[in-house]
Amino acid sequence: MALKILSDLSPSMEFFVNRIRASVAAAIAVACLVSGNLVAQADPDAVAEAKAELDRIHQEASAIDQQIIEAHDAADKAKAKLKTLSKDLKAQEAKVAALATQLGDAAVLQMHTDHVSLTAQLLTTTDADAFLSGLGTMQAEVDRSNAGVQRYQLDQAKLTTLRTDAKAAEVELQKQAEAKEKLAKDYDAKEASAQAVYDRLSEEERQRLAELEARRIAAAEAAQADAEARSNGDRPSRDGDNDSTDKSDDADKQDDAEPASSGSSDRAQRAVSAALGKVGSRYVWGTSGENTFDCSGLTSWAYRQVGVNITRSSRGQWSSVGKKISKSELRPGDLVFYYSPVSHVGLYIGNGKIVHAANPRRGVNITSLNSMPFTGARRVVG
């Protein structure tokens, strides 16, 4: 029909139509040129270099973050040890002082009890029984005196050891305080370095970097979902029922807020719920609740809420908690670990997501299982 209309146009009208066609073609050419310039501005090499540099900085920052957590834990232990030593030191000082007083009183009493010494009495007696009895008494006095002196010497030595240990604990506490301060500055420097890398990119390069990361995460999540489906015996997902489209939509909206339940124990589910209840809480190094957390502080706190005590550090959790499992075996409540060596931990909540205490800037949040370099996972219960 359009061809018929165009063929019926007068020569003058056809001229205007051709002009319009030429204008449209020119506009398309300009748009393509502009688009080509924008794409060209997103230098692939610059984007790849920035990504590699940012990955390196983030891993180094995570390692520093773990060192800060360990420094806080070491400082807490030194503080607790110093408190105990100070209490023991005070008690030991009182004990030594009391012993010194007893020994002094005994010496004074011995000097003033008799005008004639027990030795002189023994030398002048003619009664054999009295002599033997007095000799036994004198020996008992000597033994008591020696025992008192020995107790005093032992307690004095213990007092000296306690003073040495208390001084060492004070030194360790100061050392960890200085370490925390230095590491915090190092962490801030890494954050600044990452920002500098990002700032030097053009807007198009930043968009390209974000697109590449989004594609990587999407591909990893698809692979994870497929692996979990195979591991669970190809069970249909919640949205696989033909008669539950509306329910599926509702479930999808809740995926980030509620843990998937397939295969997980009740305690693991409740640990996940506890952690999810802390989303939005602040990240503070060396804390594990109620309202501030670091990464391993959140996971240990979540399991503590269901009566399971696990070690405090991410490296300790990686090396000793529960049993190691593969990525395809993940269930809600499993601990997931990142970087090599391990320096970060989160709690898997299902649907390819984790809840974790990210860092001082982002606090406790939900993110993709594959948002960081995955190292491994461990099942705490179930």
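Extension gain for residue 174 to residue 87 (0.36 nm times residue separation, less C-alpha to C-alpha distance): 29.4 nm. Annotation: extensible slack from residue 202 through residue 367 equals 56.8 nm (criterion: 0.36 nm per residue apart, minus Cα-Cα distance).
On the basis of the beta-carbon distance and an R0 of 30 Å, residue 232 and residue 76 show a calculated FRET efficiency of 0.15. Give, as a single signed number, the net charge of other residues whose beta carbon lies under 13 Å from the beta carbon of residue 93, with Lys and Arg counted +1 and Asp and Glu -1. Net of charged neighbours comes to +3. Put a dot 7 Å past the Cα of residue 214, heading toward its Cβ, do the same for residue 185, and the two dots end up 4.0 nm apart.
Where Rh is the Kirkwood radius over the Cα pairs of the stretch 256-379, the temperature 37 °C and the viscosity 0.692 mPa s, what D in µm²/s does Stokes-Einstein return? Rounded to a whole number, D works out at 239 µm²/s. The residues neighbouring residue 359, those whose beta-carbon lies less than 10 Å from its own, together hold a net charge of -1 under the Lys/Arg +1, Asp/Glu -1 convention. Legend: distances between Cα atoms for 79/353; 51/185; 79/190; 81/324; pairs beyond 26 Å are 79/353; 79/190; 81/324. Under a 5 Å amide H cut-off, with hydrogens placed 1.01 Å from N, residue 310 pairs with nothing among residues at least 5 apart or on other chains.
Of the peptides 351-363, 369-381, the order by per-residue mean of other Cβ atoms within 10 Å, starting with the highest, comes out as 351-363, 369-381. Judged by the mean number of other Cβ atoms found within 10 Å, the most tightly packed of the peptides 198-207, 290-299 leads the ranking 290-299, 198-207. Only the Cβ atoms of Lys and Arg (+1) and of Asp and Glu (-1) were treated as charged; on that basis the dipole of the stretch 256-379 about its Cα centre amounts to roughly 260 debye. Taking every C-alpha pair closer than 8 Å and separated by at least 6 residues, the mean separation divided by the residue count of the stretch 267-382 gives a relative contact order of 31 percent.
Each reported figure results from applying straightforward, stated rules to the coordinates on display, with no laboratory input. Nothing here was measured: the structure is a model prediction, and the numbers come from that model. Every residue, glycine among them, receives a Cβ derived from its backbone with ideal geometry; neighbour counts consider all protein chains shown.
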